[in-house]
Amino acid sequence: MAVKTAPHTRSPWSAGWVLTSAVCCMVTQATCAAVSPRAGSSAGGPPLPVSPRGSSVKASETAVLTTKPAAKSQPYESFAWRDHWYPVAWAEDCERDRPFKTTLFDEDYAVVLPSGSRQPYALRDRCPHRLAALSEGRVTEQGWLQCSYHGFAFDHTGELKAVPQQQESAKDRSSCAQAVACKIVDGLVWLNPSAASADGARYPIPRVPEMADPAFSTAKIVRDMPVDYSIVCENIMDPDHGVFAHAMAGLDYYSASRDFPQSVDVTTLQEDGKVFPGVPVITSRVQAGPKVLAGVAPPPPGLAARVRAFMAAPSAVITNALVRRRAKTKSGPTTDTPPPPPLTAEITFSPPTRIIECRRDQQGVSNLLSTFWIVPVGVGRCRFLSAYVSRAPPPKRWLLQLFTMRFTDQDTHLLATQQAEVLPAELDAHERSDEARGRSLRRRLFKYRMPSEGFLVEVGKFMDATLPEQPNRYLRPELFRQFVPPREVTLDRWAQHATICPASRRVHDIAVTVSRCAVGALAALAFAHAYYRLPLRLTSVAVAILLAETARRSRALASQFKFVKTRESAKGDLQAITTLFPDERLAAGG
């Protein structure tokens, strides 16, 4: 899986680094901007509750929450994994009329997106004839999927339509491929493993209304991660790690504190006015604002310290400067204009895949939603699909991908180290008696201490109750006991992203081509001067410098799509923590 490359030494002025910082600035401005209600917005809804300031909730009392159960008892045990829809790819990343393989629960599927008016379809990636992979085949003129081994052809229902070696009818129910429901909704390709067609699906596709609203734009992200679905889900819904793992002050707005307690609601899924029992929706709400960083706002360091911090972690410095500037503006001189009502920071988990993080006003309106779909590919691996749904025009996709990869690089290896402890414990609990299996594994493994972790406690209950029922979960026990892979594997951007995102791969190829052309032109210029004994003029020197710099910057940009996050380069992220949370606060008890 890993594409090994030589350790990359990042130049502080490399093209990829500068562009990543620029897009970070754009995303952060959108994130930190005040939310303004718009008339006719599809995101409207009833006012969300805002936690009152001054409530007496101790830091260790994470169980003191406002929790609304979906029924008399949590319905997690009745959750049916196969009955739900799963996004497997962005449609724009998939080549038309060419099958591609995707995986759910360690089961492979061959997906076909036909051109024209034909509907997409998916079959189990296994030809019933000799069990070869159908995803290695081709799409015929009739729109059938033909196995490249012996030429058997199947239609969108899995029916065997042709056997080239047979003259008579090829119809034979025992030789049909297994079809699963497939649709394209909101730009995503969705599969439903339990239904043969979309009409037979038990539950609807969970929509994000803003993605269908023309007032919003969608910036799309994809990355495969060598970390289990459950661990990545909990990581995304953990607001307290943002200050330290990412050194970004804006993420502190989703945290809770003694003065701003968290409310956790457990409700039942509702789509199109219908209620779907057995499908929980877990939501965290808290008044938006700094919690861990409340009252910190350290004084700006000296010029040398600022430069060092910016070189080490430019995204953190830009983000934190914007957040502090906004906080300073809010706390400025009092005017006759009343301050805007506080926003509500909201995280919603709609199992099995969808997570939405946003800040809403009193009318329930948000101008930016960070939406995630974490797809359970198999034990110890998942697909990370994300969309930034915003009223602002989206940046170039490859540019946003670079920022997101830099962001996810900061804690993916940490999650891999966590996985080496959690998965073996889960397997041990599964192999014990039913009583031990039913206990709260995560409550026994983790030491929940922070006010924001009431939400994670509830999510952990869902994971502990439903993971044992996940299809094929314990089919290969050896997957639960593996060593932590090296950084070159856990943070391999090429294998995890570029191979499945044509837009990024195209930018990489263009950068490589430009670099080679610049080097070739520089060599030709040097040869011409040497062969023809041309005088060395200022123009020639300027052209040579321009070509050399073009080659260097293009090569640096191309390298950003491969492994770059060495242990040495991670030092900058660690140093950036002190720009937010000085060590003096640790000595003072936080």
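The values are calculated or read from the model by the stated rules, or taken from the named source; none is laboratory data. Note that the coordinates shown come from a computational prediction; the quantities given were computed from them, not determined experimentally. Cβ: placed from backbone, ideal geometry, glycine included. Neighbour counts: every protein chain shown. The area values use the complete protein model at the heavy-atom level, side chains included, leaving out ligands, DNA and RNA. Shrake-Rupley method; radii C 1.70, N 1.55, O 1.52, S 1.80 Å.
Filter the stretch 261-280 for residues that are in contact with a strand residue (DSSP E or B) (Cβ under 6 Å, 6 or more places away or on another chain) and of a type in the set (S, T, N, Q); which is most open to solvent (accessible area, probe 1.4 Å)? That would be THR267.
Would you mention how many residues in the stretch 281-293 are buried (at least 19 other Cβ atoms within 10 Å of the Cβ), β-branched (Val, Ile, Thr) and modelled with pLDDT of 95 or more?
Qualifying residue count, the stretch 281-293: 3.
In the stretch 337-363, which residues are under 30 Å from PHE105 (Cβ atoms) and of a type in the set (Asp, Glu)? Walk me through how you get there before you give the answer.
Of the residues in the stretch 337-363, the ones under 30 Å from PHE105 (Cβ atoms) are 346-358.
Within the stretch 337-363, GLU346, GLU357 qualify.
Of everything listed in (1) in a strand (DSSP E or B); (2) open to solvent by less than 50 Å² (accessible area, probe 1.4 Å), the single unmet condition for PRO206 is (1).
So which residues in the stretch 369-382 are of a type outside the set (A, V, I, L, M, F, W, C) and within 11 Å of CYS233 (Cα to Cα)?
Step one: of the stretch 369-382, the residues of a type outside the set (A, V, I, L, M, F, W, C) are 370-371, 376, 378, 380-381.
Hit for the stretch 369-382 is PRO376, nothing else.
Could you please find all residues in the stretch 258-298 being in contact with a Pro (Cβ under 6 Å, 6 or more places away or on another chain) and farther than 29 Å from TYR76 by Cβ? Residue satisfying the conditions is PRO298 alone.
Consider the stretch 560-590. How many of its residues are under 24 Å from ILE510 (Cα atoms) and open to solvent by 60 Å² or more (accessible area, probe 1.4 Å)?
1
The set of residues from the stretch 115-138 being closer than 12 Å to PHE152 by Cα and touching a Ser or Thr at 6+ places or on another chain (Cβ under 6 Å) comprises PRO128, GLY137. Flag: ALA518 does not match the condition of being open to solvent by 40 Å² or more (accessible area, probe 1.4 Å), among the small types (Gly, Ala, Ser) and over 21 Å from THR404 (Cβ atoms). The criterion of at least 3 residues that are more than 30 Å from LEU557 (Cβ to Cβ) and in contact with a Ser or Thr (Cβ under 6 Å, 6 or more places away or on another chain) is met by the following helices (runs of 4 or more DSSP H) wholly inside the stretch 401-518: 453-466. Scanning the stretch 76-109 for residues that are surrounded by 22 or more Cβ atoms within 10 Å (Cβ to Cβ) and part of a loop (DSSP other than H, G, I, E, B) gives HIS84, TRP85, PRO99.
Can you name the residue in the stretch 476-515 that is β-branched (Val, Ile, Thr) and over 22 Å from THR566 (Cβ atoms) and is also least open to solvent (accessible area, probe 1.4 Å) among such residues? The qualifying residue least open to solvent (accessible area, probe 1.4 Å) is VAL507.
If you take the residues of the stretch 196-224 that are of a type in the set (A, V, I, L, M, F, W, C) and in contact with a helix residue (DSSP H, G or I) (Cβ under 8 Å, 6 or more places away or on another chain), which of them is nearest to ARG381 (Cα to Cα)? Top of the filtered list is VAL222. Would you be able to say whether some residue in the stretch 547-559 is under 30 Å from PRO395 (Cα atoms), among the small types (Gly, Ala, Ser) and open to solvent by 40 Å² or more (accessible area, probe 1.4 Å)? Checking the stretch 547-559: at least one residue is under 30 Å from PRO395 (Cα atoms), among the small types (Gly, Ala, Ser) and open to solvent by 40 Å² or more (accessible area, probe 1.4 Å).
Any chance you could count how many residues in the stretch 519-568 are assigned to a helix (DSSP H, G or I) and in contact (Cβ under 8 Å) with a residue 12 or more places away in the chain?
Within the stretch 519-568, residues that are assigned to a helix (DSSP H, G or I) and in contact (Cβ under 8 Å) with a residue 12 or more places away in the chain number 20.
Restricting the search to the stretch 121-170, which residues are without any contact (Cβ under 8 Å) to a residue 40 or more places away in the chain, part of a strand (DSSP E or B) and open to solvent by 20 Å² or more (accessible area, probe 1.4 Å)? Selection gives GLN146, LYS161, ALA162.
Return yes when PHE384 is of a type outside the set (S, T, N, Q), surrounded by 20 or more Cβ atoms within 10 Å (Cβ to Cβ) and outside any loop (DSSP other than H, G, I, E, B) and no when it is not. For PHE384, the condition - of a type outside the set (S, T, N, Q), surrounded by 20 or more Cβ atoms within 10 Å (Cβ to Cβ) and outside any loop (DSSP other than H, G, I, E, B) - is met. Looking at ARG533, is it open to solvent by 40 Å² or more (accessible area, probe 1.4 Å) and on the phi > 0 side of the Ramachandran plot? Against the criterion (open to solvent by 40 Å² or more (accessible area, probe 1.4 Å) and on the phi > 0 side of the Ramachandran plot), ARG533 qualifies. Summed over the stretch 348-369, the residues that are touching a residue at least 24 places away in the same chain (Cβ under 8 Å) and outside any loop (DSSP other than H, G, I, E, B) give a count of 11.
Residue-by-condition table, conditions (1) closer than 16 Å to ILE355 by Cα; (2) part of a loop (DSSP other than H, G, I, E, B); (3) small (Gly, Ala, Ser); (4) at pLDDT 90 or above:
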| position | (1), (2), (3), (4) |
| --- | --- |
| SER230 | yes, no, yes, yes |
| CYS233 | yes, no, no, yes |
| HIS241 | no, no, no, yes |
| PHE244 | no, no, no, yes |
| GLY250 | no, no, yes, no |
| ASP259 | no, yes, no, yes |
| THR267 | yes, no, no, yes |
